[in-house]
Amino acid sequence: MNLDAFPVLAASDEEISALAKHHGLALSVEDLREIAGKLGRDPGIVEVHAFDAQWSEHCSYKSSRPLLRQLPTEGLTVMLGPAEDAGILRLGEWDGSTWGIVIAHESHNHPSQLVPFEGAATGIGGIVRDVLCMGATVIGVADPLRFGRIDRADPKSEHAKYVAKNVVRGIGAYGNAIGVPNIAGDVYFHEGFDDNCLVNVVALGLLRDSDIIHSVAPPKSVGWDIVLVGKATDRSGFGGAAFSSVVLDADQSEAQRSAVQVPDPFLKNVIMRASYRVFEMLRKERITAGFKDLGAGGIMGCTAELVSGGGFGAEIDLDRVLLAQDGLPPAVIAVGETQERLAWVLPRSITPRVLAIYNEEFSLPLVAQGAGAAVIGRVTEAREYVLRHQGREVMRTPLQVLCGELRRQRNLGWISHTAEDNDLPHWVEATLLPEILAHRDVCSRRPIIERYDSVVRGTTAIPAGYADAGVICPIPGAPLGVALSVDGNPRYGKIDAKRAAELAVCEAHRNVVAVGARPIGLTDCLNFGNPERGDHYAQLVAAVDGLAETARGLGTPFVSGNVSLYNESTTGEAVPASSIVACVGSIEDVSRTVTSRFTTAGSAIYLVGERQPNLAGSVFAEVRAFQAFALPTVSYPQVKRELEMVLSAITSGTVLAAHDISDGGLLVTLAEMTFAFAAPGTIGARIELADLAKTIGTAGFFFGEAGGFVLEVDPKRESDFVSLAGEFALPLTRLGTTIAQPIMQIDETIFSIAELFDAWDQPLQEVYP
Amino acid sequence: MTPRVAVLTFPGSNSEVETVRACQAAGMTTDLVHWTADLDHVRSYAAYVLPGGFAYEDRVRAGAIAAHDRLMQAVREGADVGKLVLGICNGAQILLEAGLAPGFGGTYEARPTASFTHNAQRAFLCRAVHVQLAVEPRRCALTAALPRSIVLPMWASHGEGRLAAHPDVLAQLEAKNHVVFRYSDERGNPIEAPNGSALAAAAITNEAGNVLAIMPHPERSNVLFQQVWSPQRRAAWGNREQILSPAGGHAFFTAFAAALKQG
């Protein structure tokens, strides 16, 4: 082999470290010595860049993989667990086929902090490819967002506002252009994200179980073509995987900006449609192929994993890659993360027809300069990854070294134990409600939701904002529905990483059940600090424990996920522990769903679940500026019974509207049920203080955030409902009735719905006018 | 022979599949035709629908590049001989850019005289809206079969949907009844357009009435399950046949189908 070597074997630690820095590598001296040791020689320059991507935290999960093994990943609803670019859940039967919902969940935190518009847009772009490459039609996206505080008059707030505005603009610009509805999401604003926002993204796809395309070279594919599809390769996104696996550094932000990729939703729109046509052709011809998204590590990362997964090797000719500019170094071509690219492994007989679909029928070369589909290499029997450039071999690396499992033992640090809560407020007037409704974490998300196309594809049954989960009806003519919710409260994460994870799993379940869907699967994105720091790593460990326990307790598997580490403030503080959980629900009959809006005057209003006096992490605690440490507690058997009962009550028609209790507490839930999303509603509520309020105190009763449901119950079916709750041995509280006047009355306190709506509807309009 | 409808796509179109579905649900034989199709093949269709999206990335202005696409030759020729032409959202923007609507003087104009441009709030807006038929149904061939003053639910979903033109042009649009649909509330009471559109206009026709450029999407509101806010949907709770049945914007497509049948 004739390559420019990166001297390690004969070099000192200082020399290695200096050279690594010169090449902009995130690999440590320890990593480089291990690579040279495993190869039995000095690595080449292209090779070290390849390892820099493959051995990054982002690609290798080297700190988190053993932890993630704790998560339950099996169940009757699992069609494909977490092994490939996305997981697949069983939706149901229709038209003689079994249909699956593909789900992927990623983060694009660091890019979005530096260049919010592009960072957020490429986040959507990447997740959509993860779903597409399973052979699925992309049917929905959702964005959990965590921004810094936007409500203080200081430069940090100004910057947080800039990030918050442009992330939303980027998501809209990309998602709207490719024609995928944005059906769910959540937003929190917390000072812990001032220097490091979180931009997570979830995407859903639809396919028949017989049409899954795996992200590996199929059996007996030696000699098959490796075809690269998409945008012409350029300099953008060089070092992206490594960049996402280091702490953002103010001094290096200019250099790190070059690691950010450039989105092209216009080209992606066409690539998606052309790929759907290829899927159709492969189905008709009954051909098995491999298909994978190019993400971290570019051409090298994608094609190495494609062939490695099948037990093969690859030879790639970098001169056959369509380039946007001359003179790109081989390492940039091989590892750079130019967006909007995917790779196929195809039998040679079918390659010309696939190329014709992309290049002629959908005219990729005319849609974007230099774009197209081209054969760049082939699958080989030897389990080696070989790259050629201008007649020279620039990489020949055993795949078990490049893609083999990597582990880094991290030291478990110490998390401070929470103190006892003393002297908490016990009695409070309901008159505080407008202030709670106007809180930045409670107020209407409409100014954001309306910037996203939530109804393109014509399949949206409950758009974001109308209920606790978004619902789509993805198969034309079929009554099957899919519900999606994302959750994870950073105010809880700041106090207790484990409990926050547990509560996120519970809330995601509740949100899906509140529309009448059965939870069938979960994904998670673990957004944490620096795993090399014991105290940060301990939070990650605790959070995974919490996720695993709760998912087991509720019997719902995780099928996909992502870990994003090194999320820190400039002063080295980790972001609030953020296990962001997405829950998918299946709906057998979409006509049996409800929204969170009161429908009829004269209905009974019921509370399901217990209220707790615990106030830690609540909006109330922040508004009243007191410290508290006791988060709401979780009892799995009880939560599970609540979920079963509410689902049964909704699908049997006794419930007319349902809303879960979360941010802001019970009174916020009730107020939101009187709102018509874009306007104050016409149906009000009269609430009488229940005995429960007298026992635990109005503070916890009104504004405590322990999970639960508020249900509008059909008065004609009230006794059925009460006996159903009895069967499940669940405590019920009758709160009051819906009324035909637009007011909300809590004992003697009377609000006009218009007044409450204005308090709730206005705040975010200042950021998103 | 059954008249066939072509839903024409450009690079960047994104609503083609549901538009084809909505046309088919109204009984029209409909094909999806891509921008690389042979022009003579495109000429063989009896009517054209330009779907929503961001054709050619909406470079320059929304619809400006697509208005000059090769496919538009066939659309212009068709419009001139009275074929039905419907543009929805981005399709509407393209028709205005191509001068096919309002088309004063009986033909298309070399330069656009009106445009659907940036919303008053200068941001994308996705919102459930209602529009009311604001002219005599027969003024436009595509609405001839609709009841007078009908109110239809649709989805506004655009960044550039505000009708803007010189005041003289706006006066002419009013005087010659080019504004086929206006934004209204669900009972048909006039409202200010949510995007600030002049004349509260949601749709514009040409002089002959065979071309219709409509900004909000009837195809995203043509099945009952898509109308989460509607009392009819609530009334259909538990009735899966009904909730999957045509509703709302479907009437718009059945009127289109009726016009196509008449020829």
Task: FRET efficiency, A:D95 to A:T695 (Cβ-Cβ, R0 45 Å, nearest 0.05) - done: 0.25
Task: On Cα atoms only, tilt of A:534-554 relative to the major axis of chain A in degrees - done: 60
- [ ] Measure off, as a whole percent, the carbon and sulfur share of the 1.4 Å-probe accessible area of chain A, all protein chains present.
- [x] 49
Task: Candidate lysines - alpha carbon under 16 Å from A:K165, same-chain residues fewer than 8 apart omitted - done: A:K156
TODO: For segment A:1-96, calculate the relative contact order in percent as a whole number, restricting contacts to Cα pairs under 8 Å that are 6 or more residues apart.
DONE: 21
Open item on the list: Taking amide H atoms as placed 1.01 Å from N in the peptide plane, list the residues 5 or more away in sequence, or in a different chain, whose amide H sits under 5 Å from that of B:V131.
Closed with: B:L152, B:M154, B:S184
- [ ] Report the label-to-label distance for A:A5 and A:V722 in nanometres (one decimal), using points 7 Å from each Cα along the Cα→Cβ vector.
- [x] 8.6
- [ ] Output the relative contact order of chain B, whole-number percent, from Cα pairs under 8 angstrom with separation of 6+ residues.
- [x] 19
Open item on the list: So if I take the centroid of the Cα atoms in segment A:488-537 and the same for segment A:107-125, what is the distance between those two points in Å?
Closed with: 21
Task: Pairwise centroid distance, computed over Cα atoms, of segment A:345-384 with segment A:710-754, Å - done: 60
TODO: Please name the residues of segment B:210-231 whose accessible area, counted over protein heavy atoms with a 1.4 angstrom probe, falls by no less than 10 Å² between the chain alone and the full protein assembly.
DONE: B:R220, B:F225, B:Q226, B:V228, B:W229
Open item on the list: Just to confirm my numbers, what's the Cα centroid distance between segment B:61-125 and segment A:133-153 in Å?
Closed with: 34
Task: Peptide-level mean, for B:51-60, of C-beta atoms on other protein chains within 10 Å - done: 3
Task: Pairwise label distance in nanometres, B:E241 with A:S635, each label 7 Å out on the Cα-Cβ vector - done: 4.6
TODO: Could you rank the peptides A:593-601, A:676-684, A:6-14, A:458-466 by their average count of other C-beta atoms within 10 Å per residue, with the highest value first?
DONE: A:458-466, A:593-601, A:676-684, A:6-14
TODO: Round to the nearest 10 and give me the degree value, 0 to 90, for the angle of helix A:116-132's Cα axis relative to the longest principal axis of chain A.
DONE: 80
TODO: Using amide H atoms built 1.01 Å from N in the peptide plane, name the residues 5+ places from A:S578, or on other chains, whose amide H lies under 5 Å from its own.
DONE: A:N527
Task: Cα gyration tensor category, rounded, prolate or oblate, for the protein assembly as shown with a/c compared to 1.5 - done: oblate
TODO: For segment B:133-187, give the percent of accessible area contributed by carbon and sulfur heavy atoms, probe 1.4 Å, rounded to a whole number.
DONE: 49
Task: Occluded residues from segment B:142-163, i.e. those whose accessible area drops by 30 Å² or more once the chain is not alone (1.4 Å probe) - done: B:W155
Task: A versus B: buried accessible surface, summed, Å² (probe 1.4 Å, to nearest 100) - done: 3400
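Taking the mean number of other Cβ atoms within 10 Å as a proxy for protection, how do you rank B:248-254, A:748-754 from highest to lowest?
B:248-254, A:748-754
Calculate the mean, over all residues of peptide B:6-17, of how many other protein chain Cβ atoms lie within 10 angstrom of the residue's Cβ.
5
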Open item on the list: Once R0 is set to 35 Å, what does the formula 1/(1 + (r/R0)^6) return for the Cβ-Cβ distance between A:E158 and B:V60, expressed as a FRET efficiency to the nearest 0.05?
Closed with: 0.60
Open item on the list: Need one number: nm distance between label points at B:A120 and B:E207, each 7 Å from Cα along Cα→Cβ, rounded to one decimal.
Closed with: 3.2
TODO: Report, to the nearest 10°, how far helix A:45-54 tilts away from the longest principal axis of the Cα atoms in chain A, using its own Cα long axis and a range of 0 to 90°.
DONE: 20
- [ ] Using the Karplus curve 6.51 cos²θ - 1.76 cosθ + 1.60 with θ = phi - 60°, work out ³J(HN,Hα) for each residue of segment B:183-192 in order, rounded to whole Hz, and write x for Gly and Pro.
- [x] 5, 8, 8, 5, 9, x, 6, x, 9, 6
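First check a/c for chain B, with a ≥ b ≥ c the square roots of the eigenvalues of its C-alpha gyration tensor; if it is under 1.5, answer rounded, and if not, answer prolate when a/b is larger than b/c or oblate otherwise. Intermediate results must be reported in sequence, preceding the final value.
Working: a/c = 1.42, a/b = 1.14, b/c = 1.25.
Because its axes are fairly even, with a/c under 1.5, chain B counts as rounded.
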Task: List of segment A:167-203 residues, accessible area with partners at least 40 Å² below that of the chain alone (1.4 Å probe) - done: A:N176
Task: Percent accessible area from carbon and sulfur atoms, segment B:194-263, protein chains only, probe 1.4 Å - done: 52
TODO: Scan segment B:127-180 for trypsin sites (Lys or Arg not before Pro) in coil per DSSP, keeping those whose Cβ has at most 11 other Cβ atoms within 10 Å, and list them by number.
DONE: B:R148
Open item on the list: I need the shape label for segment A:520-662. Rule: rounded when a/c is under 1.5, else prolate if a/b > b/c, else oblate, with a, b, c from the alpha carbon gyration tensor.
Closed with: prolate
Open item on the list: Taking the solvent-accessible surface of protein heavy atoms with a 1.4 Å probe, what is the per residue accessible area of segment A:286-394 in Å²?
Closed with: 36
TODO: Return a whole-number percent for the relative contact order of segment A:258-379, with Cα pairs under 8 Å and 6 or more residues apart as the contact set.
DONE: 37
Open item on the list: List the residues, sorted by chain then number, that are 5 or more residues from A:W94 or on another chain and whose placed amide H is less than 5 Å from its amide H.
Closed with: A:W99
TODO: Work out the mean other chain Cβ neighbour count within 10 Å for the residues of A:446-457 and drop it here as an integer.
DONE: 6
Task: Sites A:E405 and A:E14, calculated FRET efficiency, Cβ-Cβ separation with R0 35 Å, nearest 0.05 - done: 0.70
- [ ] Give the cross-link partners of A:K38 among the lysines, using a straight C-alpha distance below 18 Å as the criterion and excluding same-chain residues fewer than 8 apart.
- [x] A:K62
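The values are calculated or read from the model by the stated rules, or taken from the named source; none is laboratory data. In this text the structure is predicted, and so the values were computed from the model without any measurement. Cβ atoms come from the backbone with ideal geometry, glycine included; neighbour counts cover every protein chain shown. Surface areas here come from the heavy atoms of the whole protein model, side chains and all, with no ligands, DNA or RNA. Shrake-Rupley method; radii C 1.70, N 1.55, O 1.52, S 1.80 Å.
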